[in-house]
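Structure first, then comments.
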Amino acid sequence: VVSTAGSTRGNPDLPLVPDVQGVLLPEVADRAADADDPVAGLVQRFMDSMESPSRVPITMFNSAI
Amino acid sequence: LELVSQYVLKVHSRCDLSCDHCYVYEHADQTWRTKPRRLIELTAGQAAIRIAEHAAQHRLDTVHVVLHGGEPLLLGHDGLSAVLQTLRARIAPVTRLSLRIQTNGVLLDERLCDLFAEYGVQVGVSLDGDQAANDRHRRFPDGRSSHAAVRRGLALLRRPAYRQLYAGLLCTVDVANDPIAVYEALLAEQPPAFDLLLPHATWDHPPSRPPGAAAPYAAWLGTIYDRWRADGCPVPIRLFDSLRSAWHGHRSWTEAVGTDSVDLLVIDTDGAWEQADSLKTAFDGAPATGRNVFDHSVDQVAAHPGVAARLAGAGALCATCRACPVVRACGGGLYAHRYKTGSGFDNPSVYCADLKALIEQLTTVRSSTRPARPPPAASAPEPVAGHVLPPDAFDRLAAGPGDPAGMAALLDSRWSVIRSLVGAVGAGIGPGHDELGRIAADGWALLCTLDAEAPDAVREVLSYPYVQAWAVRCLRPAQDADPGLDRAHLAGLAAAAALRAQVPVELVLPVRAGAIYLPSVGALAVDTSAGQTASVRVSPDGFSLAGRPGRWQPVRQVTIAGRPVTVDDLDPFRDCQVWAPAERLPDPSWQAWRRALEAAAAGLAARLPKYAEVVAMGLRSVLPLRPEQGDHSRSGTARHAFGALAMALPADVDTLSVLLLHEMQHAKLAALGDLYDLFDRGDGRLFQVGWRADPRPAEGVLHGAYAHLAVAEWWQARRQDPADRVAERTFQLYRSWVAEALNALLRASVLTADGERLVGGMGQTVEAWSDAQ
């Protein structure tokens, strides 16, 4: 059984990481400020992932080697 | 009761220029004729008392006072000195005092600059562009050009000693001027920011428009906007920044646009409280309130209907504006520009058509270069450009090491993540209302320029791991953070990129904990008694500090597989793990790190060459942790510092090899997890795992399994040596941990399809080991 619940994709057709390598920074800034843009979605998701209680702490460590 | 934090203090009511577009002398209001020429000490003192009283009563964080005129420099050095002393003595004890002066720059000299430096007065200068444009209006009473005199003043402000005083330029638009010539002339003065002002006009006295032109001001401004964007927005332009910011629902930085309330009062040379100066264009006496600093407090004048209307922001808009789809950007335009005899200010701006057209251009240009929105129903969806891994790269990563093509794709996707995070920080950078704000704005502007001109250098700096940690800290400040200081780090990033690109620049950097930082390059310890900022010069030859000594500490590097890897004990944002980072390593410790890392990388390459290849591709920095007694196997990877592996120096080289291997697995999986949904984030169940006593969430299980898969590979390689007595036992332990974790994830139905594919690939590696036994 494959669970898809909890997917962070509002629209599965949109990529999770939009390609902004060739987009100049002012344009990236505009898009990050536009809540409807996938860039803003990525930033929001990334920031949320820093705090989500269902995720591991931001530092993943090995203390038992 | 509304609060007032901005004051325009008229210190001189006359001017040494005779600009024919000046609203003070040439428009409807003529009260200047009745005002005292100079602000006397008694009036200045009473104004300061009123400002301080209001700030104290309402516990205002900051009060802004702009010295204005006429021409404020006509008050002379001693007069200005007395006013500044009075303001500081009365206001500074109760709130933070931000001082600015708006001048035509003609009389600016070193003595005045020294005075402004002493009091921290920011200097804004009026300049209408190139000489032809400036001469069109801005002349001396005898008709002589003021252009050369103003440029002499601006040259002073560009000197390193005074650069921090330079607030920017104000340019009044005239559509008869060549917009590109104006833009280039303003840029040539190297201002930290500039603004383009629509000439004051009303419905009674509309602006000059060429025959047949519907929106000539939009066309003129739009020409500059296009050029500015094509240039990579090299300097903040307040009008454009404000329109774009307001359009996105954020604040405006000018009362000319946006729906923010305008908490500003003017104090004239006779002590009269007045409303915004621009109202002088509406009708004679328009700014008057009938109140003065001797008899009335700020609270009393804030209750005046005209002042209250401005404080109400969007509430003061006419019905036409309130129903307009672009009002959130233009805010109905400047209040004075709405005036019409009969209906007063209850109208749209006389520049309504221009503002609408300009806003449309600002938003349309953006839309044309961005990925398409989800299309309307029944039309085929247009794909949005996004990152995907090459064919088979996902499966090779799932098997454990991955391959160079997959790692390169992963690094490209991280570059987009980093650009998005840095862009989000940049989106919050305004023109800067204080020194740190201006440093951040300058840094952002330079970074944008370099991004267009030297993209490789910008990538090198911004993809440095602790830049991500910095961006996250800016976007979600910690309780102990200093957000202004953090944002000013943009200037350090820009300086580091300029240094790598060998682009000569001069800029001001913030001093943090006694040093200025160029991420990935080094830190310069400075004497903090000389201030919390430092002017630096970057040239193709290197990097130098203006005006004071400093002690340079480079970020140290080792070479792994031909690539530089820093051992960073300097970066101010490196403290992003659960463990504290080590301070600057003494030389013997650094040498021990260097030797151990080189040997560990070589050992990894000998035993697991495929893993070693991708570790070398992804590793940018090793972060030494602060040593603790009796524990030499601590290591960590932060989600928001991709490319950095934190660790305490272990006792032996083999353990260091395993730490590198293990932690890079976490980094790879974190990057993969940003590209693909791998598990159900809403599932809060915890699972028992072999490697820890405490139950772990699904992501923890996945991360542990992926890291231990690689460690098992290490022991699998070691157990080929029959003399290695611990290898077989340790390999079996790790293999069982991984197998049990994968089974637990599969049994729990917590994985998405991509997650199942990942776990399936890891399972195949485990199965292959079983077969080999």
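The values are calculated or read from the model by the stated rules, or taken from the named source; none is laboratory data. What you see is a predicted model, and the numbers here were worked out from it, not measured in a lab. FYI the Cβ positions are ideal-geometry reconstructions off the backbone, even for glycines, and counts take in every protein chain you see. Areas reflect the complete protein model, heavy atoms only, side chains present, ligands, DNA and RNA absent. Shrake-Rupley method; radii C 1.70, N 1.55, O 1.52, S 1.80 Å.
Structure above, values below:
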item	result
Segment B:149-189, residues that are at pLDDT below 90 and either aromatic (F, W, Y) or at positive phi (or both)	B:Y162
Qualifying residue in segment B:432-446 (condition: more than 24 Å from B:R537 (Cβ to Cβ) and either in contact (Cβ under 8 Å) with a residue 12 or more places away in the chain or more than 13 Å from the chain's Cα centre (by Cα) (or both))	yes
Residue that is most open to solvent (accessible area, probe 1.4 Å) [pool: residues in segment B:586-615 that are closer than 11 Å to B:V558 by Cβ and touching a helix residue (DSSP H, G or I) at 6+ places or on another chain (Cβ under 6 Å)]	B:A599
Residue that is nearest to the other protein chains (Cβ to nearest Cβ), among those in segment B:227-266 that are at pLDDT 85 or above and within 17 Å of B:Y7 (Cα to Cα)	B:A256
Failed criterion for B:S544 (all others in (1) touching a residue at least 60 places away in the same chain (Cβ under 8 Å); (2) of a type outside the set (F, W, Y); (3) open to solvent by 20 Å² or more (accessible area, probe 1.4 Å) hold)	(1)
Those residues of segment B:139-164 which are over 16 Å from B:V121 (Cβ atoms), part of a helix (DSSP H, G or I) and open to solvent by 50 Å² or more (accessible area, probe 1.4 Å), in sequence order	B:A148, B:R151, B:R152, B:R158
Members of segment B:397-413 that are open to solvent by 10 Å² or more (accessible area, probe 1.4 Å), in a helix (DSSP H, G or I) and either touching a residue at least 40 places away in the same chain (Cβ under 8 Å) or in contact with a His (Cβ under 8 Å, 6 or more places away or on another chain) (or both)	B:A399, B:P404, B:A408, B:A409, B:L411, B:D412
B:V726, sole failed condition from (1) within 14 Å of chain A (Cβ to nearest Cβ); (2) farther than 24 Å from B:P609 by Cα; (3) open to solvent by 50 Å² or more (accessible area, probe 1.4 Å)	(2)
Unmet criterion (only one of (1) out of contact with any helix residue (DSSP H, G or I) (no Cβ under 6 Å at 6 or more places or on another chain); (2) closer than 20 Å to B:V766 by Cα; (3) within 12 Å of another protein chain (Cβ to nearest Cβ); (4) not in a helix (DSSP H, G or I)) for B:W691	(1)
Residue within segment B:458-476 that is out of contact with any Asp or Glu (no Cβ under 6 Å at 6 or more places or on another chain), touching a residue at least 12 places away in the same chain (Cβ under 8 Å), open to solvent by 30 Å² or more (accessible area, probe 1.4 Å) and closer than 26 Å to B:V614 by Cα present	yes
Any chance B:A52 is open to solvent by less than 50 Å² (accessible area, probe 1.4 Å), over 35 Å from the mean Cα position of the chain (by Cα), at pLDDT 95 or above and hydrophobic (A, V, I, L, M, F, W, C)	no
Given (1) without any contact (Cβ under 8 Å) to a residue 40 or more places away in the chain; (2) open to solvent by less than 50 Å² (accessible area, probe 1.4 Å), number of the condition B:R88 does not satisfy	(2)
Residue match in segment B:505-520 (condition: among the hydroxyl-bearing types (S, T, Y) and part of a loop (DSSP other than H, G, I, E, B))	yes
Every pair of residues 6+ apart whose Cβ atoms lie under 9 Å, when the first sits in segment B:674-694 and is small (G, A, S) while the second is in a strand (DSSP E or B) and at pLDDT 85 or above	B:G684/B:P697
Matching entry among B:D527, B:D568, B:D480 (being under 27 Å from B:R595 (Cβ atoms) and either crowded, with 22+ Cβ neighbours inside 10 Å or at pLDDT below 85 (or both))	B:D568
Selection within segment B:642-664 - among the polar types (S, T, N, Q) and at the interface with another protein chain (Cβ under 10 Å from one of its Cβ atoms)	B:T655
Scope segment B:5-45; condition farther than 29 Å from B:H205 by Cβ and open to solvent by less than 40 Å² (accessible area, probe 1.4 Å); matching residues	B:S5, B:L39, B:T43, B:A44, B:G45
All positions within segment B:703-732 that are touching a residue at least 40 places away in the same chain (Cβ under 8 Å) and closer than 30 Å to B:R685 by Cα	B:A705, B:Y706, B:A707, B:H708, B:L709, B:A710, B:V711, B:A712, B:E713
Residues of segment B:66-85 classified as in contact with an Asp or Glu (Cβ under 9 Å, 6 or more places away or on another chain) and open to solvent by 50 Å² or more (accessible area, probe 1.4 Å), total	1
